[in-house]
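Pasting in a structure now, in structure tokens, and then I'll have a few things to ask.
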Amino acid sequence: MCGVIGLLIKDRDLEAHLGRMLVSMIAALAERGPDSSGIAVYSEASEDDPSALRALPTLGISLGSDEAVEWDDVAEWASANFDRSVTQVLDSGARIDLPETMADALVASIDVTWPAVRVLGTGRVMTVVKDTGWPVDICRRHRIASWAGHMAIAHTRMATESAVTVLHSHPFVPGPDLCVVHNGSFSNHASVRRHLQAEGVRFETDNDSEVAARLLARRLAAGDELDEASRWVMKEMDGFFTLVVGTSTGMSVVRDAFACKPAVVAETGSYVAVASEYRALAELPDIGEARVFEPQPAEVYTWSR
Amino acid sequence: MTADDPQVGAFPMLDHPVPQPANASFPPSTIERIHDMAESGIYPIRGLGARRLVPNFDDLVFLTASVSRYPLEGYRERCETRTVLGGRHGAQPLELEIPITIAGMSFGALSAAAKFALGRAATSVGTSTTTGDGGMTAEERKASSLLVYQVLPSRYGFDPADLRQADAVEIVVGQGAKPGGGGMLLGQKVSDRVAHMRTLPPGIDQRSASRHPDWVGPDDLRIKIEELREATEWRVPIYVKVGATRVEYDVKLAVAAGADVVVVDGMQGGTAATQDVFIEHAGIPTLPAVRLASQALADIGKADEVQLIISGGIRSGADVAKALALGADAVSIGVAALMALGCNRSSYPTDDGHLVDATDDYRALGTLPGQCVHCHTGQCPVGITTQDPTLESRLVPDMGARRVANYLRAITMEVTALARACGKSDVHHLEPEDLAALTIEAAAMAQVPLAGTDWIPGFRSDP
Amino acid sequence: MVTLNCDALSVRDVNQTLRLLPSGASCLVTNPMGRHNLVVGLTEELDVTVAGNAGYFVGGLGGRGDGTGPTITVDGFVGWSVGENLMGGAIRVCGSASQSAGSSARGGMIMVEGSASLRAGISLKGATLAVAGDVGPMTGFMAQSGTILVGGNAGHGLGDSLYEAVIYVAGTISTLGADAIVEELVDDDVLAVKRLVEATGFDHIDPAQVTKVVSARGLYHFSAEHSGSY
């Protein structure tokens, strides 16, 4: 009921084209996920970027909403109340960068002051956009084609709930710079959720994909490398799934042992791209020379920058 | 204790054991079942549908004419039964005279004579039949003026040439008797002809896949539906059939994948052979299934575009009318059609109409007329679910066709009688407000008030 | 030679045009870009070349019951279920095939010059599937009839629940599936493989050196002893 996308750029010269490449991939998977889309773009702050507060560790907080929000007002409020913050207003969202130490206070404040606003994710290098509607339109509204960066994880969703919401869309962001997208159907997610809840993990939705995301985050927080943590999730979750995970250092793809949900990978010297259908890779640069393969069942593939 | 025993006193004398309370946890049938499994190491397999009582349409009644609601006269004041299915994507829709179709049942499970009779009956009353898990027979195509062609996980007998001759296509994700289980045909019914059609060695026990081989999930179902449209030049409606489990999600996903018609089969739905545990313990009843499915279509604003067919233990015009009132556009019948044909009848006709008693044949199967669920044995005493030519000859196709047509006409009249009494000039105008529930479960499942109250238990608030 | 450009035409238009061409005609389909359902349901003996990579169900539901049908060449790789339920004719994939190649195919031949992914030849019902390279896990699952020829290695669970189809593997086999066994080659087998090698041009395969996998037929009748296999 979905399309998943991962795109890791190896050649720095290609980073400026990330957005364009990503949009072609999302467009190809719009039919299998027509109801909403979520995009996480990873981009190091550049030397000229005014949002770089280089002296302190900063965090970017991506915001979205299911309702119409005056994002300019949010930006104004943020700079008035958090003077070290810099806000970038997007079409249906915003990203606020500020010193890491102030992040919790900002999130708590948003909860109270702007109840319609949702925190889509936090990250030093990651910006998240989630919106409802036809994925191609979402890309156009947010001018995704002009975005640059070294990695992107995206998702197109065929929803079941009558209310398609931003909150239920992928990627799920269970920790800073960590995002997970999922295609398939878990069969034991309710039990795994209860188990995690008993350990103190808090959930934002009743979505099965969020369970896998939080399980992964828990393993990473416990010190596992991305590969190990991904293997743990593959073992614990039952059902049919293809997962694509993004972190600040790389990307992983995980498929269950039955491998009934599609996945294709294309790798060249300049990039690694993974998608649910080959169609999504068809317009990538030099695709004719790429090594194209399908991830094996019950295997984890990781790539780092 | 004896009569001389001084302690007996006024205690009544008994010369037989005191009746013990019945063992509800381990009644005789359960004990026998355990003994059988201990003996054979295999689970019970049988035909037909759920035998145990579950909340069903009997627990609903119609609020017919009153001072404020006027009835139609019978006969002269027309009550329309015409039903149109499948026009969503511009295909040639199926135009039926009645809101009742014949459900998918395979040649293999059924004899060729049975399939032929069902086809003739359907044609004479102006409705459709459906192929089953074994492909299309030439007799069936000839007998049935409107034929729905099933695409099942096994793809037994699936032929693009037959696909091109079909009036509609039904992709079977599951059926009510065994959602998640594949088809089953035991060796005694895998005759030469059946084996040839299914590309199997004759006489083996057929194992079946439970998933489709070439797609999994609604996102890939969408692509499969397109393939079938391409192969039929976009001419025919595409149905998607599910067994009733997660009905709301399934209906919405089927629609998102491109279905023109959604078919939901409740747990009471029948089969010719499957594990008893599936029949009795998988799927939800037809009663909540129809309401959930109808509501799902309304939720996504597709109730006018996509039609809903409901099946699973439909027995009478009352069942049909209630299903329509709860939002179905049509119902599909399987077991009841076979019963009209002669299933569980104590005798069978000869060519000249003379009746021959078959009770001994039922006994030989370990059952009696009225209790038989032994379709899986292939020894059907009345020639319906058998491949044995001798037994099959007990089903005289023209007589069978007449009986099924009679039954379909009779229940259609029951539907219109109820609909007219509710003041409807069209059976499709029946609505939930025409109903009241007799039990709390039925009220909750059908989302209809408990009679005498305005209470609908378990009403779900918007998420 | 008719050329149909997928950039200018919908898949529906492409297929509709193909259906109008007479037997013996040739057609080139350009810019497929991974599109699904190309060349579906074609019965005439056309020669169709798909110039690029295609998506799901290429050549699906094609051909006739007498084994005749179009000859389709894909100059690239294909997605899931190439030649799905094929009745006749031939499909040649110059690249690799994704999952369920030749699913339920009943007649004709599907050739893959590269490798095939999981469940190649699943539910095969009489057609021939020949893969020059490797095949993925669960190849030949519930294959009822027909032949699967593997020029490379076979993944886990080969021939699980096999009926009467026969699998020949030139390379190694990771594991056999339930009820699948290796059987000695007889002269007829060697001859059959030799003919297939000639027909496909997969001459890296030595007909005398393949491993033959067939059904042990132990699951043909339900029995408690096999409950672990079900």
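Can you list the lysines whose alpha carbon is less than 18 Å from that of B:LYS189, not counting same-chain residues fewer than 8 positions off?
The reachable lysines, counting only those whose Cα sits under 18 Å from B:LYS189, are B:LYS115.
If you count the DSSP beta bridges with both ends in the stretch C:2-220, what percent of them are antiparallel, to the nearest 5?
Given both bridge residues lie in the stretch C:2-220, the antiparallel proportion sits at roughly 15 percent.
Hull surface divided by four, with the convex hull built on the Cα atoms of the stretch C:50-176: how many nm²?
Result: a mean projected hull area of 5.7 nm².
Now for a separate question. On average, how many beta carbons from a partner chain sit within 10 Å of the beta carbon of a residue in B:437-443?
Counting Cβ atoms of other protein chains within 10 Å of each residue's Cβ and averaging gives 0.
Across the residues of C:25-38, average count of Cβ atoms on other protein chains within 10 Å?
Taking the mean over all residues of the peptide, I get 3.
Related question: From the helices alone, meaning DSSP H stretches of at least four residues, give me the mean residue ellipticity at 222 nm for chain C, per-run term -39500 (n - 2.57), in deg cm²/dmol to the nearest 500.
-3000 deg cm²/dmol
Enumerate the amide H contacts of B:MET105 below 5 Å, restricted to partners 5 or more residues apart or on another chain; note that Pro and chain-start residues carry no placed amide H.
B:THR130, B:GLY132
So, one more: Determine, from the Cβ-Cβ distance of C:THR73 and B:ASP398 and an R0 of 51 Å, the FRET efficiency 1/(1 + (r/R0)^6), rounded to the nearest 0.05.
Once the sixth-power term is evaluated, E becomes 0.45.
Further question on the same structure: Modelled label-to-label distance, B:THR367 and B:GLN165, 7 Å Cα→beta-carbon offset: nm?
So the label points at B:THR367 and B:GLN165 sit 3.2 nm apart.
Give the percent of DSSP beta bridges with both residues in the protein assembly as shown that are antiparallel, rounded to the nearest 5.
Counting only bridges with both partners in the protein assembly as shown, antiparallel ones make up about 55 percent.
State the antiparallel share, in %, of DSSP beta bridges confined to the stretch B:49-150, rounding to the nearest 5.
Rounded to the nearest five, the antiparallel share is 50 percent.
Under a 5 Å amide H to amide H cut-off, with H placed in plane at 1.01 Å, what residues pair with A:ARG118 once short-range neighbours are removed?
A:GLY64, A:SER65
Compute the Cα gyration tensor for chain B, then decide on rounded, prolate or oblate, letting a ≥ b ≥ c be the square roots of its eigenvalues: rounded whenever a/c is under 1.5, prolate when a/b is larger than b/c in the other cases, and oblate in all that remain.
Cα axes put chain B in the oblate bin.
Can you work out the Karplus-derived ³J(HN,Hα) for every residue in the stretch B:412-420? Use 6.51 cos²θ - 1.76 cosθ + 1.60 with θ = phi - 60°, whole Hz, and x for glycine or proline.
With the stated coefficients, the stretch B:412-420 comes to 5, 5, 5, 4, 5, 4, 5, 5, 4 Hz.
What order, most packed first, do the peptides A:16-23, A:297-304, A:168-175 have when packing is the mean number of other Cβ atoms within 10 Å of each residue?
A:168-175, A:16-23, A:297-304
Please sort B:213-222, A:67-76, B:164-173, A:218-227 by packing, taking for each peptide the average over its residues of neighbouring beta carbons within 10 angstrom, highest first.
Packing order, densest peptide first, comes out as B:213-222, B:164-173, A:218-227, A:67-76.
Shifting gears a bit: Residue by residue, what Karplus-based ³J(HN,Hα) values in Hz, rounded to whole numbers, does the stretch A:179-186 have, using 6.51, -1.76 and 1.60 with θ = phi - 60° and x for Gly and Pro?
Coupling constants for the stretch A:179-186: 9, 9, 10, 9, 10, x, 8, 7 Hz.
What net charge is computed for the residues neighbouring A:VAL89, neighbours being all others with C-beta under 14 Å from the C-beta of A:VAL89, Lys and Arg scored +1, Asp and Glu -1?
-3
If we sort B:67-74, B:282-289, A:108-115 on the protection proxy, mean other Cβ atoms within 10 Å, highest first, what's the order?
Those peptides, ordered most packed to least, come out B:282-289, A:108-115, B:67-74.
Of A:ALA190, C:MET33, B:ALA209, which is farthest along the charge dipole of the protein assembly as shown in the positive direction, counting Lys and Arg as +1 and Asp and Glu as -1 at C-beta?
Going by the charge dipole, the pick is B:ALA209.
Report, by chain and number, residues whose modeled amide H sits under 5 Å from the one on B:LEU185, excluding near sequence neighbours (fewer than 5 apart, same chain).
HN-HN under 5 Å from B:LEU185: B:GLN206.
Kirkwood-based Rg over Rh for the stretch B:335-414 (C-alpha set), two decimals?
Over the Cα atoms of the stretch B:335-414, Rg/Rh equals 0.97.
Right, another one. Which value, in debye to the nearest 20, describes the size of the charge dipole of the stretch B:258-309 about its Cα centre when Lys and Arg Cβ atoms bear +1, Asp and Glu Cβ atoms bear -1, and nothing else is charged?
The calculation lands at about 80 debye.
Still on this structure: Which pairs, out of A:LYS235/B:LYS241; A:LYS235/C:LYS212; B:LYS142/B:LYS224, put more than 30 Å between their alpha-carbon atoms?
A:LYS235/B:LYS241; A:LYS235/C:LYS212
Please compute one quarter of the surface area of the Cα convex hull for the protein assembly as shown and express it in square nanometres.
52.5 nm²
Could you tell me the relative contact order of chain C? Use alpha-carbon pairs under 8 Å, at least six residues apart, and round to a whole percent.
10 percent
So what is log10(I(q)/I(0)) for the stretch B:243-305 at q = 0.14, 0.23, 0.29 1/Å, when the Debye sum runs over its Cα atoms only?
Here the Debye-derived log intensity ratios amount to -0.42, -0.89, -1.19.
Run down the lysines and flag those whose C-alpha is under 21 Å from the C-alpha of B:LYS424, throwing out any fewer than 8 positions away in its chain.
B:LYS322
Could I ask something else about it? Averaged across the residues of C:56-63, what count of C-beta atoms belonging to other chains lies within 10 Å of each residue's C-beta?
Counting other chains' Cβ atoms within 10 Å and averaging over C:56-63 gives 5.
In bins 10 Å wide, starting from 0, what share of all Cα pairs of chain A does each bin hold, as a percent?
Cα pair-distance distribution for chain A, in percent: 6, 30, 37, 22, 5, 0.
Which whole-Hz ³J(HN,Hα) couplings does the stretch C:30-37 yield from phi under the Karplus relation 6.51 cos²θ - 1.76 cosθ + 1.60, θ = phi - 60°, glycine and proline marked x?
Whole-Hz 3J(HN,Hα) from phi for the stretch C:30-37: 9, 6, x, 6, x, 5, 8, 6.
Between C:ARG217 and A:SER191, what is the spin-label point distance in nm, taking each point 7 Å from the Cα along the Cα→C-beta axis?
It works out to 4.1 nm between the two label points.
How large is the charge dipole for the stretch C:2-220, taken about the Cα centre, if only the Cβ atoms of Lys, Arg (+1) and Asp, Glu (-1) carry charge, to the nearest 20 debye?
The calculation lands at about 560 debye.
Over the alpha-carbon set of the stretch C:2-220, work out the extent along each principal axis and list the three values in angstrom, largest first.
Computed over the Cα atoms, the extents are 52, 33, 27 Å.
Since every read-out is calculated from the coordinates, none of them should be taken as a lab result. All of these numbers come straight from a predicted model, not from anything done at the bench. With ideal geometry, Cβ positions are generated from the backbone for all residues, glycine too; neighbour counts draw on all protein chains shown.
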